[in-house]
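In what follows, a single structure is set out as structure tokens and then discussed.
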Amino acid sequence: MKRETWGSRSNFIFAAIGSAVGLGNAWRFAGQVYQNGGGAFLLPYIIAIFAIGIPVLMMELAIGKKYRLGAPSAFAAMNKKFEWIGWAGVIIAFIVAAYYSTLVAWVVNYIFASFTMAWGGDPAGYFNNTVLHLSESPGHLGGFSLPVLIGLLITWLVVIFAMRKGVEKMAKLVKWIVIIPVVILIVMCVQAVSMPGAAEGIRYYITPDWSALGDFDVWRAAFGQVAYSMSILFALMITYGSFLEKGSDIPKDSIVIGLSDMGISLLARFVVFSTLGYLSFQSGVPIDEMNYQGVMLAFVTYPQALSVFPGGQVVGIVFSLLFFIMLFALAIDSLFSIVQAVSTAFSDKFKLPPRKALYITCAACAALALLFATNAGLYWLDIVDHFVNDGNLLFMGIFETIAVAWLFGIGKLRDFINSTTTIKIGRWWNVLLKYICPAAFLVLAASFLYSNIRTPYAGYDQQYLFIGGWVLVIVTFVLALVIPKMTGRKKETGKAAS
């Protein structure tokens, strides 16, 4: 089968930005800033962008472009012993696709709810009881939430419809999907900064708590946020690189993608924290005492602010629709890229037609997503997200950078990149990939292990953290090691039979 391509540089740039800029920019980053020292979080975040984000992005795009294969097959082409690293990334992407689609399903529900602002004066009650039907603990799965199931059905139908004709057609659609949230963000930012109390929210956003910089959890959260937001270390950008044209300029494209991701994140934070400032002004509750983190910022705090927006209900409805349409646009193209990474890996490995691999991938991811559509879905999503993004991606960073930079030879990859770029990468890139990146990932991964062994995450019972966290981490890498052997054994059996 002939390898698909993006068709144009702009198609690739928009698709990659669409992958990088997702819900992680809109709510996860805001939650990380809120929890990790306000403005102090921005320093490790910006350092992480330039120390690991853009360098690793260049590395992964180069691997994909050089071998024109999905992550497992590309790593196997580098060295057969590396194939498991690619499968680990694919497994992580598969898990992320399942719970990420659930987040999109929540957004779908809120788009429809925005027409009447159905959450009224109790957004927390609406989110927990009407949308999620939230149970009392992770151990009480209960039944399924019908609104979430409907949202999942719509989400996966959109994914299949948009991706079924290949990457070039998908990229043309993503161009528009990427532009929409940026325009909406600018409109919302103008509105948000003009509201009473917005200045206090912005001050909280940019004023650093320098003591937080001594906390490894803050640095780990920043590096994990960059890896998650820029779509590195879980097979996505290797896959996207495999569809690049031969003359594509990886350094220029990586810088554009990285800076766009950072810029949109920072812009989105002005919207969120200006709104938090307004809500604080209205309620009299200081921002640091609001106790809303993560998804609650998007699905509880912001709707709460919309309910008391200046200008009346009509203005509230308009900005509710804008906000949740923006979230949907940000999320859906990221989901496209995650699904593409998984389906391409199986298409390349097992010689499946791309469309068939896509359908199988979507069906499998949707099946796993059912766990997060149960009444305990929010708890399991929180646990899995924590261990995947704060844990697995750090471990992937160690394995991937050591394999490529030390065992394969980062100089070979740099020569390949420099052969098709007008801006040559210097030896600084070798130093970052050989020393800085693996050392940073190693220290932060050790911090993750120490912190989570010492203190149960978010106060969850250890049995749930064991099942949804530690077992997940172990199974990810065990499966990654087993799959290449299974496929290799099948090939040997086939040869013997012939």
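The values are calculated or read from the model by the stated rules, or taken from the named source; none is laboratory data. Worth saying up front: this structure is predicted, and the values here are computed from it rather than measured. Heads up, the Cβs are rebuilt from the backbone with ideal geometry, glycines too, and the neighbour counts pull from every protein chain shown. Each accessible area value is taken on the protein alone, full model and side chains, heavy atoms only, with ligands, DNA and RNA left out. Shrake-Rupley method; radii C 1.70, N 1.55, O 1.52, S 1.80 Å.
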- Place the peptides 114-121, 266-273 in order of packing, highest mean first, counting for every residue the other Cβ atoms within 10 Å and averaging per peptide. 266-273, 114-121
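Determine the per residue accessible area of the chain with all protein chains present and a 1.4 angstrom probe, expressed in square angstrom. All intermediate terms of the calculation are to be shown ahead of the outcome.
Working: 18820 Å² over 498 residues.
So the chain comes to 38 Å² accessible per residue, rounded to a whole number.
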- Message: Pairs of alpha-carbon atoms within less than 8 angstrom and 6+ residues apart define the contacts here; what relative contact order does the chain have, in percent?
- Response: 32 percent
- Query: At a 1.4 Å probe radius, carbon and sulfur cover how many percent of the accessible area of the stretch 232-286?
  - Reply: 69 percent
- With each run of n ≥ 4 DSSP H residues scored as -39500 (n - 2.57), what mean residue ellipticity at 222 nm is computed for the chain after dividing by its residue count and rounding to the nearest 500 deg cm²/dmol? -22000 deg cm²/dmol
- Computed over all unlike Cα pairs, the Kirkwood hydrodynamic radius of the chain in Å stands at 22.9 Å
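Using DSSP to call loops (not H, G, I, E or B), can you name the GluC sites (Glu not before Pro) in the stretch 82-170 whose Cβ has at most 16 other Cβ atoms within 10 angstrom?
E136
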- Task: May I ask you to list the aspartates and glutamates whose Cα is less than 18 Å away from that of K65, ignoring any residue fewer than eight positions away on the same chain?
- Result: E4, E83, E168, E245, D249, D253, D348, E400, D415
- Query: For the chain, list the DSSP H helices whose alpha carbon atoms reach 30 Å or more along the long axis and whose average Kyte-Doolittle value is 0.0 or above?
  - Reply: 83-114, 167-193, 250-283, 313-350, 471-497
- Query: So, in Å, what gap is there between the alpha-carbon centers of the stretch 439-457 and the stretch 233-297?
  - Reply: 24 Å
- Going down the table (K169/K356; K2/K175; K412/K485; K2/K349; K2/K246; K2/K356), which pairs top 19 Å between alpha carbons? K2/K175; K412/K485
- Item | Carbon plus sulfur fraction of accessible area for the stretch 369-410, probe 1.4 Å, in percent | 76 percent
- Message: Using a 1.4 Å probe on the protein heavy atoms, what percent of the accessible area of the stretch 108-152 belongs to carbon and sulfur?
- Response: 67 percent
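Please give the net charge around M230, taking every other residue with its beta carbon less than 15 angstrom from that of M230, where Lys and Arg add +1 and Asp and Glu add -1. Don't jump to the answer; show the numbers that get you there.
Working: positive: R28; negative: E60, D253, D261, D333, E400.
In short, -4.
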